[in-house]
Amino acid sequence: MEFTIKTGSPEKLKRACIVIGAYTDARLTPSAEAVDQASGGALGALLKRGDLDDKAGATLALPLLPGVDAERVLVVSLGKPDELNDKAYRDALTAAGKALAGLRGKEASVCLAEIEVPDRDLAWRLRTAARVIAAAAYRFDAPGKADDSPKRGIHKVQFLIPGKSSKALTAAVAQGLATAEGMALARDLGNLPPNVCSPSYLADTAKALGKEHKLKVTVLDKAQMSKLGMGALLAVAQGAEQPPKFIVMEHHGGKAGDAPVVLVGKGITFDTGGISLKPAAEMDEMKYDMCGAASVFGTLKAAALLDLPINVVGIVPSTENMPGGNATRPGDVVTSMSGQTIEILNTDAEGRLILCDALTYAERFKPACVIDIATLTGACVVALGKIPSGLLSTDDALARELTDIGQCSGDRVWQLPLWDDYQELLKSNFADMANIGGRYGGTITAAAFLARFTKAYTWAHLDIAGTAWISGEAKGATGRPVPLLTEFLIARAGLN
Ligand code: BES
Ligand code: MN
Ligand code: ZN
């Protein structure tokens, strides 16, 4: 997808499509007004007749409108003017993006950024428009699946804005596009079948990404992990035939001495539960248990595309979680890289076991902060549903920063408490801690476990079990929380 910004009015543009917004009360936006006048009032008349549905995101395609040079005008409903908010704006963009992705033709002009969204400036509207429209065009090309969908879709989008463009506005569009490209990588990795997307595949992807975007990439093998004492990670890996990989990607955009933001992503390429085997229903979805890792890949890609003037490190501990003759047993006690011992009471609580060693490894980077991202607990989906990601942190300022950026990006998070009181639930008779905390507050006890490995730095944890993918008919990875993380880095780089 290619985006440009242009000043002006749409009616005389020879395009495959122009996209304009309309309110339910038939009040016209500035570009709708221009199209209405050019068409001798045809647009206004159609809208008055009620041809466009009320809900924000409903669309109406008007081909060959008299007086208008574009092949079609796509009218997108904005809902009621006094209810227009971030969500209505994004819904309108998603609908526009989906429609454009299915159109024949090359070029479209989109006039949605002119719409006044409460408390949002033009840069926000353009950044959001670029991201949402590009992300709506995402398609997963399944390897080996006969592709019967026609090859079409608009590739060039021009945003028409009322005033002059500027460097800041161009940058905003570039940020939106880079975010969508990072999301697409995360979605591709998530959607790949688990017999393809193995730890080795992730390691190879990291190396390729490194070559393409000048990232420093280091991949540790099992022997090197063993030497570092990553006993918790290796306990998960020991049941699998696929070799585990420990992947480190570094974006050096800042000064050499600048403390990096470190992102740690759970990379379980398939989670059977191990000996604590999961039930069969929907187990295929546990191929998505590497979506935390995928979001780290995607965010590093976006950071590199934007050449963000900040240092970022991505760490991905990756293995399968399989049952087998050599698999870890419930009751096994292992020693983590930190030296703390862990009684593994449930082998299905494996995410925290691979993350804890990665979190200890992260200390060597003397991070400005560490954010880990993981499809960690089913309990998080029970608690919060599939709208926000769970946020838990030992640092209030970092939690607030992420919450605010979640609101602004639309990739929202909701904080759960992480008080010391929860630590008791992890007591073990046979080790420093158990890897599960009992029936209640599963998302919190998982984070409380991780917190024991993050004392050396400022840390937040994102539980994306409910947000990383969609189930059912539209099954697929969402690319979240790449928007949140990318905007976090943009803000940390001082660009927003
Ligand atoms: N990957 C799962 C969490 C998960 C389950 C995410 C379903 C999305 C949907 C994780 O490894 C896991 O199995 N967690 C257990 C923890 C429990 C054993 C304490 C869970 O949530 O049941
Ligand atoms: Mn599990
Ligand atoms: Zn898991």
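The values are calculated or read from the model by the stated rules, or taken from the named source; none is laboratory data. The structure presented is a predicted model; accordingly, all values stated were derived computationally and were not measured. Methodologically, a virtual Cβ is constructed for each residue, glycine included, from the backbone with ideal geometry; neighbour enumeration extends over all protein chains shown.
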> Are any of the residues in the range 287-298 within 22 Å of Cys356 (Cα to Cα), crowded, with 21+ Cβ neighbours inside 10 Å and of a type in the set (Ser, Thr, Tyr)?
Replying inline: yes
> How many residues are of a type outside the set (Phe, Trp, Tyr), more than 16 Å from ligand 3 (Cβ to nearest atom) and in contact with a Pro (Cβ under 9 Å, 6 or more places away or on another chain) if we restrict to the range 442-487?
Replying inline: 3
>> Among the residues of the range 113-129, are any among the small types (Gly, Ala, Ser) and not in a loop (DSSP other than H, G, I, E, B)?
In response: yes
> Could you give every pair whose Cβ atoms fall below 6 Å, whose first residue belongs to the range 344-357 and is under 14 Å from Met286 (Cβ atoms) and in the same structural domain as Ser428 (by TED's automatic domain parsing), and whose second residue is of a type in the set (A, V, I, L, M, F, W, C) and near ligand 3 (Cβ under 10 Å from one of its atoms), counting only separations of at least 6 or pairs across chains?
Replying inline: Glu350/Val236; Gly351/Ala374; Gly351/Leu376
> What is the one condition in (1) part of a loop (DSSP other than H, G, I, E, B); (2) among the hydrophobic types (A, V, I, L, M, F, W, C); (3) more than 19 Å from Val117 (Cβ to Cβ) that Ala99 does not satisfy?
Replying inline: (1)
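Among the residues of the range 470-477, is there at least one that is among the hydroxyl-bearing types (Ser, Thr, Tyr) and buried (at least 23 other Cβ atoms within 10 Å of the Cβ)?
There is no residue in the range 470-477 that is among the hydroxyl-bearing types (Ser, Thr, Tyr) and buried (at least 23 other Cβ atoms within 10 Å of the Cβ).
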>> Let me spell it out: the conditions are (1) in contact with a Phe, Trp or Tyr (Cβ under 8 Å, 6 or more places away or on another chain); (2) surrounded by fewer than 24 Cβ atoms within 10 Å (Cβ to Cβ); (3) on the phi > 0 side of the Ramachandran plot; (4) of a type outside the set (Asp, Glu), and Ala451 meets all of them except one. Which number is the exception?
In response: (3)
>> Give me the helices (runs of 4 or more DSSP H) completely within the range 374-478, filtered to those with at least 1 residues that are touching a His at 6+ places or on another chain (Cβ under 6 Å), ordered by residue number.
In response: 442-451
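Taking the residues in the range 335-353 that are in a loop (DSSP other than H, G, I, E, B) and of a type in the set (A, V, I, L, M, F, W, C) as candidates, determine which candidate is nearest to ligand 3 (Cβ to nearest atom).
Ala349
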> Based on what the data block shows, is Thr128 crowded, with 18+ Cβ neighbours inside 10 Å and of a type in the set (Ser, Thr, Tyr)?
Replying inline: yes
>> Which numbered condition in (1) away from ligand 1 (no atom under 15 Å from the Cβ); (2) among the hydrophobic types (A, V, I, L, M, F, W, C); (3) assigned to a loop (DSSP other than H, G, I, E, B); (4) touching a residue at least 24 places away in the same chain (Cβ under 8 Å) is the only one that Ala256 fails?
In response: (4)
>> Among the residues of the range 31-53, are any in a strand (DSSP E or B) and in the same structural domain as Ala123 (by TED's automatic domain parsing)?
In response: no
> Which one of these is within 16 Å of ligand 2 (Cβ to nearest atom), at pLDDT 95 or above and either in the same structural domain as Ala208 (by TED's automatic domain parsing) or over 23 Å from the mean Cα position of the chain (by Cα) (or both): Ala302, Ala294, Ala280?
Replying inline: Ala280
>> I'm trying to understand the selection: among the residues of the range 226-253, which are in a strand (DSSP E or B) and either acidic (Asp, Glu) or surrounded by 18 or more Cβ atoms within 10 Å (Cβ to Cβ) (or both)?
In response: Lys245, Phe246, Ile247, Val248, Met249, Glu250, His251
>> Condition (residue is surrounded by 17 or more Cβ atoms within 10 Å (Cβ to Cβ) and away from ligand 1 (no atom under 16 Å from the Cβ)) applied to the range 262-275: is it met by at least one residue?
In response: yes
> Within the range 184-207, is even one residue more than 30 Å from Glu473 (Cα to Cα) and among the small types (Gly, Ala, Ser)?
Replying inline: yes
